[in-house]
Amino acid sequence: MKLLFLIFENIRRNLIRTTLTGLGTMMMVLVVTLVFTVLSALDRATTEKQTNLKAIVTEKWQIPSMMPYSYAKALSDGGANPDDPDAARPEDSMSWGFFVGSTEENPAKRSFENLFFAFIMEPEKARTMLDEVDMLSDEEAAPLLAAIQKMKDVPNGVIVGQERLEKMKKRVGDRITVFGRNYRDMDLELEIVGTFPKEPARYADSSVISRDYFNRQLDAYQRTHNNKPHPMAEKTLGLVWLRLKNRKAFNKVSEQILTSPSFTSPSVKIETSSTGIGGFLEAWRDVIWGMRTLMAPACMLVLSLVISNAISISVRERQMEFAVMKVLGFRPGQIEMIVLAEALIIGVSFGFLSAAMTYGVVNGYMGGLPFRIAFFPKFSVPTDALWWGPAMGALTALAGSYGPARSARHVKVSDVFARVT
């Protein structure tokens with residue numbers, strides 16, 4: 001206890017140096033925590049699962065994938081032969097189309113602020129099939145569940161992410177007109193019936209339109225254009241997601257789909273969601289590599305040097321103190337431990353403070369880290385960050401203080417007092 005009291009007294013004795021070292025720790029932990037936030041989310045998205053996995057069916061030879069909607073029902077059933085009782089079938093499925101438009105009619109005034117991006121899908125599948133949303137409790141998903149229920153009574157209803165609502169300066173209950181960009185000459189009159197939960201933040205900028213409503217709008221377009229279908233009418237299906245029990249079921253469903261004569265014009269491919277997302281992220285490979293192998297280690301190295309410099313100054317100033325402690329009976333190992341413990345306490349405490357503030361500000365105030373990669377517009381800081389911060393602070397503190405602590409251990413009493421006399 002006496003040693004512990006002495007350690008805290010030494011930390012308190014030079015508050016300016018302690019504060020500056022702590023602030024340096026906080027800044028470096030902040031940067032590394034944000035880097036780890038992005039990397040951990042991408043790792044989760046691209047990690048291969050063996051059970052409860054998801055598969056993605058897309059057009060084989062074209063990006064972006066544009067398949068006829070007639071594929072949707074058979075693909076959602078895993079390409080199973082209806083007469084085959086032994087055929088493998090998905091546990092759940094979801095079809096996606098994409099509608100890109102703008103709430104601004106004048107093309108010259110269109111900007112990112114009035115951009116509108118929506119998934120064309122069955123609204124109820126947003127609860128059971130969207131990544132991360134399917135892991136929420138009913139209480140956490142309450143805003144989305146209420147919106148899905150309301151869409152049953154409002155055919156032209158739309159669920160809009162909270163960030164997109166703010167950018168459009170709209171709120172639940174408002175009506176909007178969206179002018180199509182990928183579906184030209186298709187303008188949708190929509191009513192905002194609800195929003196996504198704050199977590200996960202990745203859907204804060206997205207929207208959901210009912211597939212049935214959109215199909216009716218395609219029919220209406222044909223009726224008002226001399227019975228001529230929209231040029232995109234046979235290209236409205238982008239992806240089909242399948243939830244499969246295990247890898248064996250995936251292999252069986254893959255065989256059924258790839259050997260089926262129903263999906264040959266255009267041809268399709270099937271892959272696990274981790275593989276598919278990895279393909280989307282290929283364009284970001286160098287950025288991700290740089291963040292993982294250069295940026296994060298460099299930050300921790302700089303932090304170690306900052307701590308090493310601060311502790312070295314402290315050790316040089318306290319050589320007389322260490323000499324007196326040796327005269328009073330302190331062993332060299334105890335002196336070394338005192339220096340290491342001082343650095344460790346600063347690193348752990350300020351590391352935790354930085355991580356906790358980052359978690360609260362990014363998730364609570366900002367609604368997620370706005371770092372757009374592929375179709376990930378935002379990233380939520382995971383609760384693991386609350387131990388990342390102290391761990392990074394501890395590791396860098398130990399690495400930075402080891403040399404100064406060894407120097408303090410080897411202070412020679414005779415040399416110190418010789419300089420005094």
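Return the residues of segment 172-194 that are under 24 Å from Pro107 (Cα atoms) and not in a strand (DSSP E or B); say none if nothing qualifies. Across segment 172-194, the qualifying residues are Asp174, Arg181, Asn182, Tyr183, Arg184, Asp185, Met186. Going through (1) modelled with pLDDT of 90 or more; (2) assigned to a helix (DSSP H, G or I) one by one, Arg164 falls short only on (1). When Ile192, Ile277 are screened for being at negative phi, aliphatic (A, V, I, L, M), at pLDDT 90 or above and buried (at least 16 other Cβ atoms within 10 Å of the Cβ), only Ile192 passes.
Please go through segment 324-356 and pick out each residue that is free of Cβ contacts under 8 Å to residues at least 40 places away in the same chain and either outside the structural domain of Arg409 (by TED's automatic domain parsing) or within 22 Å of Thr396 (Cβ to Cβ) (or both). If the condition is that a residue be free of Cβ contacts under 8 Å to residues at least 40 places away in the same chain and either outside the structural domain of Arg409 (by TED's automatic domain parsing) or within 22 Å of Thr396 (Cβ to Cβ) (or both), then Ala356 is the only one that fits. Out of Lys269, Lys252, one residue alone is farther than 30 Å from Trp388 by Cβ, touching a residue at least 24 places away in the same chain (Cβ under 8 Å) and in contact with an Asp or Glu (Cβ under 9 Å, 6 or more places away or on another chain). It is Lys269. One residue is enough: does segment 17-34 have a residue meeting the conditions crowded, with 16+ Cβ neighbours inside 10 Å, at pLDDT 80 or above and among the charged types (D, E, K, R)? No, that holds for no residue.
Filtering segment 195-216 to residues that are surrounded by 20 or more Cβ atoms within 10 Å (Cβ to Cβ) and assigned to a helix (DSSP H, G or I) leaves Ala201, Arg202, Tyr203, Arg211, Phe214. Residues that are over 26 Å from Met94 (Cβ atoms), buried (at least 16 other Cβ atoms within 10 Å of the Cβ) and among the acidic types (Asp, Glu): does segment 326-340 have at least one? For segment 326-340, residues over 26 Å from Met94 (Cβ atoms), buried (at least 16 other Cβ atoms within 10 Å of the Cβ) and among the acidic types (Asp, Glu): present. In the set (1) outside any loop (DSSP other than H, G, I, E, B); (2) free of Cβ contacts under 8 Å to residues at least 40 places away in the same chain; (3) of a type in the set (A, V, I, L, M, F, W, C), the condition left unmet by Phe116 is number (2).
Give the residue, chosen from Val302, Val306, Val362, that is within 30 Å of Met129 (Cβ to Cβ), outside the structural domain of Gly238 (by TED's automatic domain parsing) and in contact (Cβ under 8 Å) with a residue 12 or more places away in the chain.
On the way: Val302 fails: within 30 Å of Met129 (Cβ to Cβ); Val306 fails: within 30 Å of Met129 (Cβ to Cβ).
Selected residue: Val362, the only one of Val302, Val306, Val362 that is within 30 Å of Met129 (Cβ to Cβ), outside the structural domain of Gly238 (by TED's automatic domain parsing) and in contact (Cβ under 8 Å) with a residue 12 or more places away in the chain.
Could we say that Thr33 is more than 25 Å from the chain's Cα centre (by Cα) and under 30 Å from Asn309 (Cβ atoms) here? Show your work before the answer.
Working: more than 25 Å from the chain's Cα centre (by Cα): no; under 30 Å from Asn309 (Cβ atoms): yes.
So Thr33 does not fit the description; no.
The values are calculated or read from the model by the stated rules, or taken from the named source; none is laboratory data. Source: prediction; values computed, not measured. In this analysis, Cβ positions are derived from the backbone assuming ideal geometry, glycine residues included, and neighbour counts consider all displayed protein chains.
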